[in-house]
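See structure below.
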Amino acid sequence: MADSNITKNALATALKNLMKEKPFEKISVSDICDACGMNRKSFYYHFKDKYDLVNWIFLVGFLSKMNIDDYETGWDAVKAICHHFYADRDFYRVALSIHGQNSFHDYVIESIRPIMYMYINDIIEDTDLKDFFVTFYCDAFLTAITRWLSEGMKMNDEEFVGKLKIISVGLAKIVIRDEDK
């Protein structure tokens, strides 16, 4: 298994380096293999395609290390996610711009949905409303992160999360105020 991880990490490093040099859509599996001295057979033994490799980088680099019990609040989990994206922003800026089938965007949405469900499970009882809420906030959160990364990150991860919190709490206060009228 150790050799498998060495191979996967070499392929991941090669892809990340290539993503700094040229657009993702112009990177081929052959390019990735050439960059780390492996053959295509080795690549396909471990990954379905280059999209699968991008998703694996997120899985191994973040998701597999994330222990939901380590976070006291949902905001702590949001902070951890944003910190991770900020720390490897060059990679995630490109990864989040990938669209189409097997996109990283879709993979992240599916990865954070269960986390979002866990935090709102006790707040909302209606299943349809819960599904709507989770979809809305996952989309909004990832769109905000994508914009933050693509616009040159004019703020660090702490500032970004702080602003997310301010706007979320502010909107909640407005809704509560309006409900009382």
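The values are calculated or read from the model by the stated rules, or taken from the named source; none is laboratory data. Because the structure is a prediction, the values reported are computed rather than measured. For neighbour counting, all protein chains shown are included, and Cβ atoms are generated from backbone atoms with ideal geometry for every residue, glycine included. With ligands, DNA and RNA removed, areas are computed over all heavy atoms of the protein, side chains included. Shrake-Rupley method; radii C 1.70, N 1.55, O 1.52, S 1.80 Å.
What size of dipole, in debye to the nearest 20, comes out for segment 66-112 about its Cα centre when the only charges are +1 on Lys and Arg C-beta atoms and -1 on Asp and Glu C-beta atoms? Don't skip to the answer; put the middle values down first.
Working: 3 positive and 8 negative charges, 57 e Å.
It comes to approximately 280 debye.
Calculate how large, on average over all directions, the projected area of the Cα convex hull of segment 3-79 is; give the answer in nm² to one decimal.
Details: hull surface 24.8 nm².
Computed as one quarter of the Cα hull surface, the answer is 6.2 nm².
Pairs Lys20/Lys154; Lys8/Lys65; Lys16/Lys154; Lys16/Lys41; Lys26/Lys154; Lys130/Lys165: which exceed 25 Å Cα-Cα?
Details: Lys20/Lys154 20 Å; Lys8/Lys65 17 Å; Lys16/Lys154 23 Å; Lys16/Lys41 20 Å; Lys26/Lys154 28 Å; Lys130/Lys165 20 Å.
Long pairs (Cα-Cα over 25 Å): Lys26/Lys154.
Between Met66 and Asp3, take the C-beta separation as r, use R0 = 30 Å, and let me know the FRET efficiency to the nearest 0.05. All intermediate terms of the calculation are to be shown ahead of the outcome.
On the way: r = 26 Å, r/R0 = 0.86.
Result of the calculation: an efficiency of 0.70.
Nearest 10 degrees is fine. How inclined is helix 104-120 to the longest principal axis of the chain, computing both from alpha carbons?
The angle comes out near 30 degrees.
Please report, for the Cα atoms of the chain, the Rg to one decimal and the Dmax as a whole number; what are they, in angstrom?
Gyration radius and largest Cα-Cα distance of the chain: 18.7, 67 Å.
Largest first and in whole Å, give the semi-axes of segment 113-181's equivalent ellipsoid, each being the square root of 5 times a Cα gyration tensor eigenvalue. All intermediate terms of the calculation are to be shown ahead of the outcome.
Numbers: eigenvalues 121, 58, 19 Å².
Calculated on Cα positions only, the semi-axes equal 25, 17, 10 Å.
If you add up the charges near Ala35, with Lys and Arg at +1 and Asp and Glu at -1, over every other residue whose beta carbon is less than 11 angstrom from its beta carbon, what do you get? Mind dumping the intermediate values first?
On the way: positive: Lys16; negative: Glu21, Asp31, Asp34.
So the environment of Ala35 carries a net charge of -2.
For Cα pairs less than 8 Å apart in space and 6+ apart in sequence, what is the mean separation divided by the residue count of segment 44-116, i.e. the relative contact order in percent?
Normalised by residue count, the contact order of segment 44-116 is 37 percent.
Given the -39500 (n - 2.57) contribution per DSSP H run of 4+ residues, what per-residue ellipticity at 222 nm results for the chain, rounded to the nearest 500 deg cm²/dmol?
Details: 9 runs with 132 residues, N = 181.
For the chain, the value works out to -24000 deg cm²/dmol.
Between 0 and 90 degrees, rounded to the nearest ten: what's the tilt of helix 74-87 against the longest Cα principal axis of the chain?
It works out to around 30 degrees.
For segment 1-115, which whole percent of the accessible surface, found with a 1.4 angstrom probe, sits on carbon and sulfur atoms? Each step should come with its number before you reach the end.
Numbers: 3100 of 6320 Å².
Carbon and sulfur: 49 percent of the exposed surface of segment 1-115.
Grab the beta carbon distance between Leu59 and Glu21, set R0 = 22 Å, and tell me the FRET efficiency rounded to 0.05.
Working: r = 24 Å, r/R0 = 1.09.
The value I calculate is 0.40.
Calculate, in nm to one decimal, what Ile176 and Thr73 gain on full extension: separation in residues at 0.36 nm each, minus their alpha carbon distance.
Numbers: separation 103, 0.36 × 103 = 37.08 nm, distance 2.11 nm.
Net length gain for the segment: 35.0 nm.
What's the FRET efficiency of Ser28 with Phe133 using the Cβ-Cβ distance as r and R₀ = 30 Å, to the nearest 0.05?
Working: r = 40 Å, r/R0 = 1.34.
Once rounded, the FRET efficiency stands at 0.15.
Can you tell me the length gained on complete extension of the stretch Ser150 to Asn121, counting 0.36 nm per residue apart and subtracting the Cα distance?
The Ser150-Asn121 span can extend by a further 7.2 nm.
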